[in-house]
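J.: Here it is, the structure in full.
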Amino acid sequence: MTPRERVGTSTVAPALAVAAFASLGAGAIHAAAIGVHSEHHQAVITFAVVALAQLAWGVVALTWSRHARVLALAGAVINVAAFAGWVLAKTNGISFIDGLETSESPQFADAAAATFAAIAVIAAVLAATVWQDASPWFRAVAFGAIPIATAIVTMFGMVAAGAHTHAHGTDGHTHAAAAGAAASDGHVHTAAAVPPKTYDPKKPIDLSGVPGVTLEQQARAENLIALTLARLPKYSDYHKAEADGFVSIGDAVTGDEHFVKLSYFADKHILDPDYPESLVYEPQPDGRKKLSAAMYMLNPGTRLTDVPDVGGALTQWHIHNNLCFTATGQVGGLRPNNGPCPPPLNPGVDSPMIHVWIQPHPCGPFAALEGVGAGQIKPGDEKLCDHVHGA
């Protein structure tokens, strides 16, 4: 008599049970992630479908003993698809799903879900091929320790999914689950009128208190800052930036020195602190350079009229079309009367850009520069200085 035939024991093969528990864990995490993508309808549908498939298969696999091999292979297919989607999202982005079009670094929640999916695939294939039965000790583990461990990891994964941050592709949006953009009645609500808080990178970010800014815009702006604060400091030492291919444009005399990486100018990454087009350093009296901001740039040729809305009235894009550069990329002067640059100087890349400061700034976390290097904004607009959150 095999273990599966014993009275009082489950008829589910232990390997199939392991696959089912793993699929349930992955599905639960994917379900928890739905709210984080609330402003991207396609992403919501994708996560809902994946979660439903993984959860439903896990339940069926644990409760239905007929056609076990076919059932196991079906689970393998479902979880292979989920794992492949995760790999694609983390390496290239999924261009045909709004909200998942830009790649981003793995975080605990998605990594846990992907690991569960991989375990489900391996265990399901084993259950369908060579491992129908198992020794009593493995059965005890499969129905005892493994579901407990899965539940614990799933719990932490679901909590982490609620705080998951993103840098989203072609529209440049960033968001988190902190605040929804619209109520269930379909109306867009503006942020509540609350006493504004000064932007302090060392404290929780709160950009509320600006009239006309929706909750969605506030959430995108806050989490673009949060993502930048978390990842940009890897370049705190400008020597690290230089080693990674960043080059100074020689504007330290203005009080802020920009380091640029030309290969990032026309790549697919937008508003992504893992691929910042420019780093802003503040020269110190002792010769050090203090990392102060990222300057994100859109692809060359993008017009100011076509920039994505990041944070509404909280954020403002600008261009630098009045500067002339040397052949080595150093600032060589200003274009006289906005005319052509005198030879051998050349105009720089005409791309809309936006600063995200990781240090306090008098005009807030998205302030543009002052003086001759301030840049130009869209005609008819007023230069933004966020005194509400300025330091």
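The values are calculated or read from the model by the stated rules, or taken from the named source; none is laboratory data. In this text the structure is predicted, and so the values were computed from the model without any measurement. Every residue, glycine among them, receives a Cβ derived from its backbone with ideal geometry; neighbour counts consider all protein chains shown. Note: accessible area is taken over every heavy atom of the protein model, side chains too, but ligands, DNA and RNA are not part of it. Shrake-Rupley method; radii C 1.70, N 1.55, O 1.52, S 1.80 Å.
J.: Can you name the residue in the range 244-263 that is without any contact (Cβ under 8 Å) to a residue 40 or more places away in the chain, open to solvent by 30 Å² or more (accessible area, probe 1.4 Å) and not in a loop (DSSP other than H, G, I, E, B) and is also nearest to Asn223 (Cα to Cα) among such residues?
T.: Here the answer is Ser263.
To keep it simple, each residue is scored yes or no on (1) touching a Cys at 6+ places or on another chain (Cβ under 6 Å); (2) at pLDDT 90 or above; (3) closer than 16 Å to Pro273 by Cα; (4) surrounded by fewer than 19 Cβ atoms within 10 Å (Cβ to Cβ).
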{"residue": "Val153", "(1), (2), (3), (4)": "no, yes, no, yes"}
{"residue": "Val159", "(1), (2), (3), (4)": "no, no, no, yes"}
{"residue": "His166", "(1), (2), (3), (4)": "no, no, yes, no"}
{"residue": "Ala178", "(1), (2), (3), (4)": "no, no, no, yes"}
{"residue": "Pro204", "(1), (2), (3), (4)": "no, no, no, yes"}
{"residue": "Asn223", "(1), (2), (3), (4)": "no, yes, yes, no"}
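J.: Among the numbered criteria (1) closer than 20 Å to Thr254 by Cβ; (2) out of contact with any strand residue (DSSP E or B) (no Cβ under 8 Å at 6 or more places or on another chain); (3) modelled with pLDDT of 85 or more; (4) surrounded by fewer than 16 Cβ atoms within 10 Å (Cβ to Cβ), which single criterion is violated by Glu370?
T.: That leaves (3) as the condition not met.
J.: Sticking with this one: For the range 275-284, enumerate the residues that are open to solvent by less than 30 Å² (accessible area, probe 1.4 Å) and either of a type in the set (D, E, K, R) or without any contact (Cβ under 8 Å) to a residue 40 or more places away in the chain (or both).
T.: Of everything in the range 275-284, just one residue is open to solvent by less than 30 Å² (accessible area, probe 1.4 Å) and either of a type in the set (D, E, K, R) or without any contact (Cβ under 8 Å) to a residue 40 or more places away in the chain (or both), namely Glu277.
J.: Here's a follow-up. Specify which of the listed residues (Arg139, Arg66) is more than 27 Å from Leu232 (Cα to Cα), among the charged types (D, E, K, R) and part of a helix (DSSP H, G or I).
T.: Only one candidate qualifies: Arg139.
J.: A follow-up question, please. Of the conditions (1) in contact with a Lys or Arg (Cβ under 7 Å, 6 or more places away or on another chain); (2) closer than 23 Å to Ile152 by Cβ, Ala13 clears all except one; give me its number.
T.: (2)
J.: In the range 63-115, which residue that is over 21 Å from Ala161 (Cα atoms) and among the hydroxyl-bearing types (Ser, Thr, Tyr) is least open to solvent (accessible area, probe 1.4 Å)?
T.: Selected residue: Ser65.
J.: While we're here: For Asn337, are the conditions met, namely being open to solvent by 30 Å² or more (accessible area, probe 1.4 Å) and in contact (Cβ under 8 Å) with a residue 12 or more places away in the chain?
T.: Judged against the criteria, Asn337 is not a match.
J.: I need a count of the residues in the range 292-314 that are open to solvent by less than 20 Å² (accessible area, probe 1.4 Å) and of a type in the set (Ser, Thr, Tyr).
T.: Residues that pass the stated criteria total 2.
J.: OK, next. Of the conditions (1) part of a loop (DSSP other than H, G, I, E, B); (2) under 25 Å from Ser236 (Cα atoms); (3) in contact with an Asp or Glu (Cβ under 9 Å, 6 or more places away or on another chain), Asp309 satisfies every one except a single condition; which number is it?
T.: (2)
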